[in-house]
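Values quoted throughout were computed directly from the atomic coordinates according to the rules given, and no laboratory measurement underlies them. Please read these numbers as outputs of a predicted model, since none were measured by experiment. Note that each Cβ is placed from the backbone with ideal geometry, even for glycine, and that neighbours are counted across all protein chains shown.
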Amino acid sequence: MKKIVLFPSKILRQRAEEIKRVDSRLKNEIDCLVKLLEQSENGAGLAGPQAGIKRRLFVLKKRGGIEVFINPKIERTWGRRQYFMIEREGGQREYFLEGCLSFPGFFGRVKRYLQIEASWAKVEEGKLVGQRRKLLGFEAVVFTHELDHLNGVLFVDYVKGDKSKLFRWDGEKMVRWPVAELLAKEKAG
Ligand code: QAP
Ligand code: CO
């Protein structure tokens, strides 16, 4: 059983390769991602590179189970990148904090497109079959986060400029965390 690749690892910075056909290799890779996501605590999504798989696929947890996205793309966006807000009981709005299984305990505020048209392929009867759908809000955020992984882009890259956007869960509360300190680990190798 593979383990999730943690930051800082060069693997997370590589560009993943297009998937051309359905074969046993692809099936093994999908199994691997599904198992890792199932076993993760509170995991919502996992991309190939996070399992050491340098290929363009990711998996997302949905109400009905885990969905596989192959060769995902954003075909179109609407509006500007903005912070995704969530509404608490009582109507209080707050920033949604993004997490990543390769950064356990770290969360950040990231501006994303909240309305996208996405395309990808799924496996159907042993073949790759194209899909296309409009995604809104949380779904758009998670799709984009996972697609970024396939291009070596990490959520912390977006919080670089502003220290107040990254947080670490200390077991009881979120505490502000300097992004520069995290990124310095990567430079040190
Ligand atoms: C999906 O992130 C995602 O640090 C990937 O202590 C993308 O599943 C979710 C997690 C964008 C939200 C926005 C992270 C769980 C899970 C942690 C995850 C942790 C426990 C992260
Ligand atoms: Co991630």
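Only Cα pairs under 8 Å and 6+ residues apart enter the sum, and on that basis the relative contact order of the chain stands at 22 percent. What is the calculated FRET efficiency for Lys173 to Glu87, with r their C-beta to C-beta distance and R₀ = 30 Å, to the nearest 0.05? Efficiency at R0 = 30 Å is approximately 0.90. Summing Lys and Arg as +1 and Asp and Glu as -1 over all other residues whose Cβ lies under 15 Å from the Cβ of Glu41 gives a net charge of +2. Distance between the C-alpha centres of region 115-189 and region 13-36: 19 Å, rounded to the whole angstrom.
The GluC sites (Glu not before Pro) of region 33-101 meeting both criteria, a DSSP state outside H, G, I, E and B (loop) and at most 10 other C-beta atoms within 10 angstrom of the site's C-beta, are Glu41, Glu89.
Its Cα centre serving as origin, the chain has a Cβ charge dipole (Lys and Arg +1, Asp and Glu -1) of approximately 500 debye.
The residues packed around Gln82, meaning those with a beta-carbon under 10 Å from its beta-carbon, carry a net charge of +4 if Lys and Arg are +1 and Asp and Glu are -1. For helix 179-188, report the angle its Cα long axis makes with the longest principal axis of the Cα atoms of the chain; keep it between 0 and 90° and round to the nearest 10°. Taking Cα atoms only, the helix is inclined about 60 degrees. Extension gain, Glu67 to Tyr95, is 7.5 nm, computed as 0.36 nm per intervening residue step minus the present C-alpha separation. For the chain, the longest principal axis of the Cα atoms and the long axis of helix 24-39 meet at an angle of about 30 degrees. Projecting the Cα atoms of Ala118, Gly91, Phe138 onto the charge dipole of region 91-189, computed from C-beta unit charges around the Cα centre, puts Gly91 farthest toward the positive end.
Farthest towards the positive end of the charge dipole of region 1-100, among the residues Ile53, Val68, Cys100, is the Cα of Ile53, using unit charges on the Cβ of Lys, Arg, Asp and Glu. Please give the FRET efficiency for Arg133 paired with Ala188, using the beta carbon to beta carbon distance and R0 = 30 Å, rounded to the nearest 0.05. Given R0 = 30 Å and the Cβ-Cβ separation, E is 0.15. Extension gain, Ser40 to Lys2: 0.36 nm times the residue separation minus the Cα-Cα distance gives 12.5 nm. Using the Cβ-Cβ distance between Lys160 and Ser24 with R0 set to 35 Å, the FRET efficiency works out to roughly 0.30.
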